[in-house]
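Student: The structure is given below, and queries will be raised subsequently.
Each value in this text was obtained by applying a stated rule to the coordinates, not by laboratory testing. Worth saying up front: this structure is predicted, and the values here are computed from it rather than measured. Cβ coordinates were reconstructed from backbone atoms using ideal geometry, including for glycine residues, and neighbour counts include every protein chain displayed.
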Amino acid sequence: MTEHAFRLGDWLVTPARHALERDGEVIRLKPKAMAVLEQLAGAAGDVVPRDELFAAVWPGCAVTDDTLTQCVVELRRALGDSARAPRFIETVPRRGFRLLADVQVTEAAVARHVVRRRWPVLAALVALAAVALTTLATMPRSAAPSAQSLAVLPFADLSPSEDYGFFADGLTEELINRLSMLDGLQVTGRTSAFQFRGGVDDLGDVRERLGVTWVLDGSVRRDRGRLRVSAQLIDTATGYPAWLETYEENSTGIFEIQDGIAEAVAGALSVRLGVGHLGREPGGTRNLDAYEAHIQGNALYAEFTAEAMRQAAA
């Protein structure tokens, strides 16, 4: 990641801090979203193909279009942009994305642009290598687990009527997309993970076939208007859970609930595994109880009442 800042319109972009700054306002981006923005800025107004973004931002990883789309959505939200009337990021159908705003680049950014323009074959080879690695990852073979690698297994539908499988699958895919954005964590792609639909008898088999050190497993249960989602993080070497949590919500607004659960799990795993922005924040914590107390305190503080402020301080 470059440490050189550049200007995007009236925004100051500082990749090393994952930050956008303007008139005293500071917006933090997730590392993968910032990496996408860097690639678009380095193209100097040219269309950046999706495959090239995958190869540059997620080298050697199997990710879906939804993962890239989530990054673009985050960038547009931060920049105050619109997909229908873009001022910063334009979607070019069936091709990729283009940065519309003027960029005042540093020498380092110019050098990246020259490399991109003079060596398109190299970019294509990187993309092919990524495809090859993805193919190999799905083949039955023994793989050496990387330091922080994770497979999100399909969540089970435990509802009495067994009619919530669509929500369980959607939550699994959303978790794969969200966790793939955490810098320092390798997440197995959907195709590889979903071969274990129906449950796993031996975590050693998952460890051997996918080469992961951690497994995120869980279940969804909808009964009498209540939704319960359970998730647990399991060490594939020992089979013991390192973290588990249960979320209960009213089943109205189920997709908002799905989004909230995905955010909560991604945040908790970032703290637990020490990856991503939360896991590396100076002065942060890897104690989940402390993290959850911090989140609860922030929520109470936002209510801004005398009683809520006292509870937040506690």
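Student: If the viscosity is 1.306 mPa s and the temperature 10 °C, what translational diffusion coefficient in µm²/s does Stokes-Einstein give for the range 1-55 when Rh comes from Kirkwood over Cα pairs? Mind showing how you got there, number by number?
Tutor: Working: Rh = 11.7 Å.
Reported coefficient: 135 µm²/s.
Student: Taking only Cα atoms of the range 39-92, what ratio of Rg to Rh do you get with Rh as the Kirkwood inverse-distance radius?
Tutor: Values: Rg = 11.4 Å, Rh = 11.9 Å.
Expressed as Rg/Rh, it is 0.96.
Student: Between residue 307 and residue 264, what FRET efficiency follows from the Cβ-Cβ distance if R0 is 25 Å, with the result rounded to 0.05? Present the calculation step by step, with values, prior to reporting the outcome.
Tutor: Numbers: r = 25 Å, r/R0 = 0.99.
Working from the Cβ atoms, E equals 0.50.
Student: Give me the Kirkwood hydrodynamic radius of the range 1-99, using the inverse of the mean 1/r over all pairs of distinct Cα atoms, in Å to one decimal.
Tutor: Numbers: mean 1/r = 0.0733 Å⁻¹.
Kirkwood hydrodynamic radius for the range 1-99: 13.6 Å.
Student: Still on this model: Can you tell me what the convex hull of the Cα atoms of the range 161-221 projects to on average, as an area in nm²?
Tutor: Values: hull surface 18.2 nm².
Quarter of the Cα hull surface area: 4.5 nm².
Student: Provide the gained length on full extension for the span residue 16 to residue 191, in nm with one decimal, where the gain is 0.36 nm per separating residue minus the Cα-Cα distance. If you can, show how the numbers build up before the last one.
Tutor: Details: separation 175, 0.36 × 175 = 63.00 nm, distance 3.27 nm.
Using 0.36 nm per residue and subtracting the Cα-Cα distance, I get 59.7 nm.
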